[in-house]
Amino acid sequence: MRRHPQCLKSVSSTVSYEAVRFCISIIMVCIYAVIQCGVAASDDVSRNFLFSKIDNHGDTRIRSIIRLDDGRTAFATVDGIDIFDGSRFSHLFNVTSDKYPLRGYDGYHHLYLSHGGKYLWLKNMHSLQCVDLDTEIFATDVKGVLHGLGVDAPADDFFADKLGRIWIVAGDDLLLPQCKKNFSIDNHYGGLIDLAADEDSAYLFYRNGIVSRLDIKSGKIVYSVAAYPESKHFKYEFTSLLAESSDGFYQIRNGAVGALFHFNVKSASWEKLLESDIRLNTIAVSDSGIFISTPNGLILYNPSDLSFEHIPYLRTKNGNLLASELSTIAVDNNNGILVGTLNRGIFYHNPLLYRYHSIPKGTPSPLSTPAASSVFSENIDGSVNINLNGKFANVTFPDSLRYGIEIAYTDSTPITMSGEYGSGASFVSGNGAIFFNETDRLSIFVPNDSASITNSRTPFISGILVNARRIEPLRSYDGEVVTTKIAARSEAISLPHYGNFITFEVSDPDISTANPKFVFMLEGADKDWRYATPSDIRNRMLTTTYTALAPGKYRFRVKKSDLPDSPEASIDVVIRHPWWASPIAFAIYVLIAIIIVITGIRIYVAREKRRIEAEQKEKFLLERIRQLIEETDRYKSEAPASPTDSDGDNQSVTGESELSDEDRDFVTRAIETVERNLDTPGYSVARLSADLCMDRTGLYRKLTSLLDKSPSIFIRDIRLRKAAALISEGKMSITEIADATGFSSTSYMSKCFQEYYGCKPSEYHPK
């Protein structure tokens, strides 16, 4: 029978349509199976990593992480720097606006350490900032800090190696200031974007994928190797980040795709390990593998089997799944994984703390079927009962948690339980084991009782109040900065004498009003440890106050009372004496008393010395006057015709009794001439020569031959004789006498008088 052509066409179309539908269904099932397998695989991986939230009590926008040389960890946030020591955070707020320009860096937050861990550098979008870790303060003059480190040239980019040396890119030069060396770099490679160095070599990573090994001693390039052909540069051109491995370096690059490369320094060769459509943010190397943070969870690379695993989300201890971009990742001293998120804060995983157990679907009853509901309870002996659809399993932990678990399955007969019941997908037992009930398995995270985290049980002093005013870093307290660090990082605080009303605040995750298991003491005020009471707990902090503290040195100590060997937190407090009662003041008082006594003794001795000298001078003066009188009398008797001086005696002036009449007349005339001009200031030898109608040479010869005196001494002696006579009269002051006798100044007359008479004018009182 023949079919109508139109019917055949219709049947053919129907068959084709059904075939297409069938093929599409098969393809969709396959895709779904692949997806489910992928999800299951990633889910399996995610179950093996249990993360804990670390509350930094601040900015949750974490941008970069770096381990400090002293074991602490620094987190770069949008607001500043957070430093974590294992139990507490220091918050370094970015209050300075000073940023050193870096023209060659267009990436985001990158942290470096230099100079033995003293300086922490933050590089971000064409700028560089610096933190002095000794003071934990952002530098207000980054250019000045760089200048002090030997950097004077304008920097295009900045790096620091693992030895703490800084490297500066300045144009075509690469500077190593600590070694005072300059190297040339090849900017034809697209510019330097990363650097790593040891004692002898520096590895220079360029934007176009080339790495060059630089011999530091010789300054020569040993080799240059490209990670990929120049034609593929566009795929990886934007960002780069290094992580050192045992045999070289891992490098992540981004562009059109994200990629992971490895450079082997021994063979000087590259290997591309991963290429993904996901952007790769940061990389960290641990004993568990190579971790890469991404906007969509973690990527784990295992170098032993060259396998990659994607962890799309982080599982937390309370059973939640964290969905947030992982902006940065790092490994701590305990090989734990620190993850910084874009806006959810910090999360932590340590493989030493938990061991993973999974009982999959197919295990004998009751786990062979999915659980519609679950109930967990804990027995007195520490075992855990699990109720799934009315059937029970009992989980025990034999001897020690480190040896694993045992699971016993029972029939429908309920197991007697004690303690509180909980229903849901998760349960935490008293020993810290965490249970997750899932549709196809039971996952158990068992804590490792042999593991420990440094300082995880240390309380910390989070705040100090003085006279009800909170002490904060860099804030002035009564005109002085008491501390540059937060209380948790301060070693000592010095306060004035009136700052004796002090409140200490202690923070710890285990603090509770119901059972405050803490002891504290203030050495210098308390004789023994004081146990905290519920009244000491305020706002989940241990708060204690000390009043009317005397000046002196104190140390506040706090620790947990239930852990005998637990570490303690402490801080030294010095209350200074008032200035008038301080040891320095007492020392000054004693010094002043000694000075007064010594001064009194010296004054007494000086007075006695002057008295004795005065007596001696008086005796000498009386003897001198007696001699002068005798000399004058002798002169008058020997030369009655000669004119006398104003006091009737010119013998001391002439010094000669045997003169001719002509010479006697000349001497007399010379004496009279000088006496007439005694009150003439500046009466000189030249004037006397003119008045006697002689030249200076002739006058000098004449006086020296007759009197053995020069003309100037002749004039001076007459002036002094006249001054002595006026002093004897006692009618004029010394100043007036100096003017009357023609001396230029009182001091000059006193000097000449003392040389001539052996005493000062004020001491000349002949009787």
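The values are calculated or read from the model by the stated rules, or taken from the named source; none is laboratory data. Computed from a predicted model, the values in this text were never measured in an experiment. For neighbour counting, all protein chains shown are included, and Cβ atoms are generated from backbone atoms with ideal geometry for every residue, glycine included.
How many residues does region 461-477 contain that are modelled with pLDDT under 75, assigned to a strand (DSSP E or B) and either more than 30 Å from His497 (Cβ to Cβ) or not small (Gly, Ala, Ser) (or both)?
Of the residues in that region, 1 qualify.
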Checklist outcome for this item: Ser246 meets each of (1) more than 25 Å from Ile185 (Cβ to Cβ); (2) small (Gly, Ala, Ser); (3) out of contact with any Ser or Thr (no Cβ under 9 Å at 6 or more places or on another chain); (4) surrounded by 17 or more Cβ atoms within 10 Å (Cβ to Cβ) with one exception, condition (4)
Checklist entry - Which of the strands (runs of 3 or more DSSP E) contained wholly in region 112-183 include at least 3 residues that are touching a strand residue (DSSP E or B) at 6+ places or on another chain (Cβ under 7 Å) and of a type in the set (Val, Ile, Thr)? => result 166-170
Checklist entry - Taking the condition assigned by TED's automatic domain parsing to the domain that holds Thr140, within 30 Å of Lys143 (Cβ to Cβ) and surrounded by fewer than 20 Cβ atoms within 10 Å (Cβ to Cβ), does Gly71 pass? => result no
Checklist outcome for this item: Reported set for region 739-751 where residues are part of a helix (DSSP H, G or I) and either among the polar types (S, T, N, Q) or surrounded by 20 or more Cβ atoms within 10 Å (Cβ to Cβ) (or both) is Thr746, Ser747, Met749, Ser750
Checklist entry - In region 290-299, how many are surrounded by fewer than 20 Cβ atoms within 10 Å (Cβ to Cβ) and touching a Phe, Trp or Tyr at 6+ places or on another chain (Cβ under 6 Å)? => result 0
Checklist entry - Residue check: is Thr513 modelled with pLDDT under 80 and touching a helix residue (DSSP H, G or I) at 6+ places or on another chain (Cβ under 7 Å)? => result yes
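The rows are residues; the columns are (1) at pLDDT below 90; (2) of a type in the set (D, E, K, R); (3) surrounded by fewer than 20 Cβ atoms within 10 Å (Cβ to Cβ); (4) outside the structural domain of Glu244 (by TED's automatic domain parsing).
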{"site": "Val95", "(1), (2), (3), (4)": "yes, no, yes, no"}
{"site": "Asp98", "(1), (2), (3), (4)": "yes, yes, yes, no"}
{"site": "Gly104", "(1), (2), (3), (4)": "yes, no, yes, no"}
{"site": "Leu113", "(1), (2), (3), (4)": "no, no, no, no"}
{"site": "Lys143", "(1), (2), (3), (4)": "no, yes, yes, no"}
{"site": "Gly148", "(1), (2), (3), (4)": "no, no, yes, no"}
Item to check | Selection count where residues are at pLDDT below 85 and either more than 24 Å from the chain's Cα centre (by Cα) or of a type in the set (D, E, K, R) (or both), scope region 55-68 | outcome: 2
Next on the checklist: For region 181-190, give me the residue count where each residue is over 22 Å from Lys232 (Cα atoms) and either surrounded by fewer than 14 Cβ atoms within 10 Å (Cβ to Cβ) or at pLDDT 95 or above (or both).
Outcome noted: 2
Checklist entry - Given the residues Ser114, Ser127, which is the only one that is closer than 18 Å to Ala170 by Cα and either small (Gly, Ala, Ser) or in contact (Cβ under 8 Å) with a residue 40 or more places away in the chain (or both)? => result Ser127
Item to check | Filter result for Cys693 (without any contact (Cβ under 8 Å) to a residue 12 or more places away in the chain and either surrounded by fewer than 15 Cβ atoms within 10 Å (Cβ to Cβ) or of a type outside the set (Phe, Trp, Tyr) (or both)) | outcome: yes
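Applying the selection to region 258-291, what residues are outside any strand (DSSP E or B), among the aliphatic types (A, V, I, L, M) and either more than 38 Å from the chain's Cα centre (by Cα) or under 25 Å from Gly107 (Cα atoms) (or both)?
First, pick out the residues of region 258-291 that are outside any strand (DSSP E or B): 265-268, 277-281, 287-288.
Adding the requirement that they be among the aliphatic types (A, V, I, L, M) leaves 265, 268, 278, 280.
Correct list: Ala268, Ile278, Leu280.
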Next on the checklist: Let me confirm something: among Ala724, Ala690, Ala686, which residue is closer than 30 Å to Glu613 by Cα and aliphatic (A, V, I, L, M)?
Outcome noted: Ala724
Next on the checklist: Pairs needed: first member in region 254-280, at positive phi and free of Cβ contacts under 8 Å to residues at least 60 places away in the same chain; second member anywhere, in a strand (DSSP E or B) and surrounded by fewer than 16 Cβ atoms within 10 Å (Cβ to Cβ); C-beta distance under 6 Å; at least 6 residues apart or different chains.
Outcome noted: Ala268/Tyr223; Ala268/Val225
Item to check | Hits in region 191-223 (condition: surrounded by 15 or more Cβ atoms within 10 Å (Cβ to Cβ) and over 36 Å from the mean Cα position of the chain (by Cα)) | outcome: Asn208, Gly209, Ile210, Ile221
Next on the checklist: Consider region 116-125. How many of its residues are modelled with pLDDT under 90 and surrounded by 14 or more Cβ atoms within 10 Å (Cβ to Cβ)?
Outcome noted: 1
Item to check | Residues (outside any strand (DSSP E or B) and not polar (S, T, N, Q)) located in region 294-328 | outcome: Pro295, Pro303, Asp305, Leu306, Pro312, Tyr313, Lys317, Gly319, Ala323, Glu325
